Amino acid sequence: MGVIGDIYKLEERGAAAGIFFGAVLIGPALAPMIGGVMTHYYSWRVMQYGLLVFGILSFTLTYFLQPETSQPGARGVDKMLQANGKVSWVWLNPFGSLALLRSPNVLLLALAGGLVLLTDYFILVPIAFTLGAKYKISNEALIGALCIPLGVGNFIGAPLAGALSDRMVVKWRKKRGNQWVPEDRLRATIIGAVVFVPLSILLCGVFTTYVDGTLGLILNCFCLFMNGLGVDFVLSPSAAYNVDILHDHSAEVTAANMAFRNGFMSICVAFILPMINYLGILVTYIIVALVAWWGFVLIWLIIRYGGRMRAWIDVGYSTLKES
């Protein structure tokens with residue numbers, strides 16, 4: 001997102017972010033099935049070796065091919081060498097970017113994203129014990145294949161949501177007499193946060209509990225697709241919004257947002273199976289749907305009062321500009 005913030009204009013940033021996330025999410029769409037095939041027919045260790053190889057490949061490509069986007073046409077290290085002939089170490093605080101979370105805009109949006117993404121985890125983590133057990137699927141490869149509809153929803157939803165957020169920026173700027181309000185981008189999240197995300201997990205609980213056979217499996221796959229679509233309708237515009245309001249700190253605010261969200265999710269994952277075992281699938285999914293709706297409430301607060309909240313605590317908003 002830091003790179004996208006450097007090279008795309010305001011009206012293009014959402015679409016670019018959406019295409020980026022759509023491409024990234026090809027991995028989660030295919031990984032469960034590939035991992036299932038490897039586990040079922042070979043060994044789970046094969047995937048660990050594969051991840052090692054892809055990690056080395058990713059590092060190599062980034063090191064040799066990724067240019068420094070804040071100074072187009074030059075790499076940061078090359079510029080440093082030209083200036084003084086040597087490279088000097090720079091010591092960084094790895095947790096420094098978390099200070100941006102003291103902004104209510106950044107914190108509330110990170111929490112909203114976590115509450116929405118929670119539905120993803122409550123569907124996927126226990127899928128072998130919910131859909132697998134309900135529809136008598138024990139083959140690891142087939143269980144992994146159940147994740148494909150959600151991944152397809154991610155892949156389609158990310159670029160659609162990003163492009164819609166750009167249109168919201170243009171539309172509302174015209175309505176305001178050519179005045180740009182960053183929070184207008186978040187209006188693109190409403191359909192995902194209000195409809196797709198909570199209803200998808202709610203219906204998933206209903207279908208898993210009451211609908212047997214092939215029909216139940218098909219309906220659940222549709223819910224998975226709808227959930228993938230809805231989650232990206234929230235996360236993609238939100239990522240672009242963070243870059244909009246903190247353009248000079250785009251990489252840092254992205255890191256802070258993801259760190260908070262991932263930390264939040266890592267805690268919540270521990271409660272998924274105990275809740276399902278104790279409360280049952282339907283009651284658990286009703287609770288998670290209500291929690292996801294609270295994510296929309298947080299986003300609405302930012303849309304409605306975001307300008308005032310940015311004035312409360314300035315974490316770099318003084319440099320806010322349309323760029």
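The values are calculated or read from the model by the stated rules, or taken from the named source; none is laboratory data. Quantities reported herein were computed from a predicted structural model and do not represent experimental measurements. Neighbour counts are summed over all protein chains in view; Cβ atoms, including those assigned to glycine, are modelled from backbone coordinates with ideal geometry. When the accessible area is computed, the model is the full protein with side chains, heavy atoms only, and any ligands, DNA or RNA have been set aside. Shrake-Rupley method; radii C 1.70, N 1.55, O 1.52, S 1.80 Å.
Miscellaneous remarks
- Given charges at Cβ of Lys, Arg, Asp, Glu: segment 181-280 dipole, positive-most of Ser266, Ile276, Val253: Ile276
- With all protein chains modelled, accessible area of His40 [1.4 Å, Å²]: 80 Å²
- Cα long-axis angle, helix 213-245 against the chain (0 to 90 degrees, to the nearest 10): 10 degrees
- Carbon plus sulfur fraction of accessible area for segment 99-308, probe 1.4 Å, in percent: 71 percent
- Separation between Cα centres of segment 109-158 and segment 226-288, rounded to whole Å: 14 Å
- Across segment 107-121, computed HN-Hα scalar couplings (Karplus, 6.51 cos²θ - 1.76 cosθ + 1.60, θ = phi - 60°) run 5, 5, 5, 5, 5, 4, x, x, 5, 6, 5, 4, 4, 4, 5 Hz from first to last residue, x flagging Gly and Pro.
- For Glu68, distant residues with modelled amide H under 5 Å away: Ala74, Arg75, Gly76
- Relative contact order of the chain, defined on C-alpha pairs under 8 angstrom at six or more residues apart (%): 32 percent
- For segment 1-67, the share of alpha carbon pairs falling in successive 5 Å distance bins from zero is 3, 14, 15, 18, 17, 14, 9, 6, 3, 1 percent.
- Within-11-Å neighbourhood charge of Val197 [Cβ basis; K, R +1; D, E -1]: -2
- Partnerless cysteines, meaning none of the other Cys C-beta atoms lie under 4.7 Å away, in the chain: Cys147, Cys221, Cys268
- Rounded tilt (10° steps) of 281-312 against the dominant C-alpha axis of the chain: 10 degrees
- Nearest-0.05 FRET efficiency for Arg102 and Asn178, computed from C-beta distance (R0 30 Å): 0.40
- Across the chain, the longest run free of exposed loop sites, meaning trypsin sites (Lys or Arg not before Pro) lying outside DSSP classes H, G, I, E and B with no more than 16 other Cβ atoms within 10 Å, spans 177-320.
- Cβ-defined net charge surrounding Ala259, 15 Å radius [Lys, Arg +1; Asp, Glu -1]: +1
- Averaged per residue, the chain has 52 square angstrom of accessible surface, using a 1.4 angstrom probe with ligands and nucleic acids left out.
- Listed residues Val253, Val206 arranged by accessible area, highest first, probe 1.4 Å: Val206, Val253
- Per-selection metrics, the chain (Cα): Rg and Dmax in Å: 21.2, 71
- Rounded tilt (10° steps) of 250-268 against the dominant C-alpha axis of the chain: 20 degrees
- Protein heavy-atom surface of segment 1-59, 1.4 angstrom probe: 75% of the accessible area is carbon and sulfur, with nucleic acids and ligands not counted.
- FRET efficiency, Ile34 to Leu215 (Cβ-Cβ, R0 30 Å, nearest 0.05): 0.60
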